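For reference, the structure discussed in these notes is given below.
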């Protein structure tokens, strides 16, 4: 089983909205992938991050059965649409994948 965690700090000067608005949009777009990308076993997005170092505006926690399933998710066209939005609003991204 693969755990995939991504943390973002969002731009304060994005033309797509405030960091809070963009975090909410990211949450909506990412959670909408559940049921559309079959490799996703679990997925949740947190935008009410009250403590992190360094600062984090949004966090994704997801679970996949295998590395191959994670790769299929990462390259899925619906996921890539979300990636384009995220790239436009994110200032920084941190990611960790691990197997249990």
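Each residue in the stretch 16-28 was checked for being surrounded by fewer than 18 Cβ atoms within 10 Å (Cβ to Cβ) and in contact (Cβ under 8 Å) with a residue 40 or more places away in the chain, and 2 pass.
Given the options 87, 36, name the one that is touching a helix residue (DSSP H, G or I) at 6+ places or on another chain (Cβ under 7 Å) and surrounded by fewer than 13 Cβ atoms within 10 Å (Cβ to Cβ). Talk me through it step by step, then tell me what you get.
Working: 87 fails: touching a helix residue (DSSP H, G or I) at 6+ places or on another chain (Cβ under 7 Å).
Just a single option satisfies the conditions, and that option is 36.
Screening residue 73 on (1) surrounded by fewer than 15 Cβ atoms within 10 Å (Cβ to Cβ); (2) closer than 24 Å to residue 99 by Cα; (3) touching a strand residue (DSSP E or B) at 6+ places or on another chain (Cβ under 8 Å) shows it passes everything except condition (1).
Quick test for you: out of 27, 16, pick the one residue that is at pLDDT below 95 and within 16 Å of residue 83 (Cβ to Cβ).
Unique residue meeting the criteria: 16.
The values are calculated or read from the model by the stated rules, or taken from the named source; none is laboratory data. This one's a predicted model, so the numbers in the text were calculated from it and none came from an experiment. With ideal geometry, Cβ positions are generated from the backbone for all residues, glycine too; neighbour counts draw on all protein chains shown.
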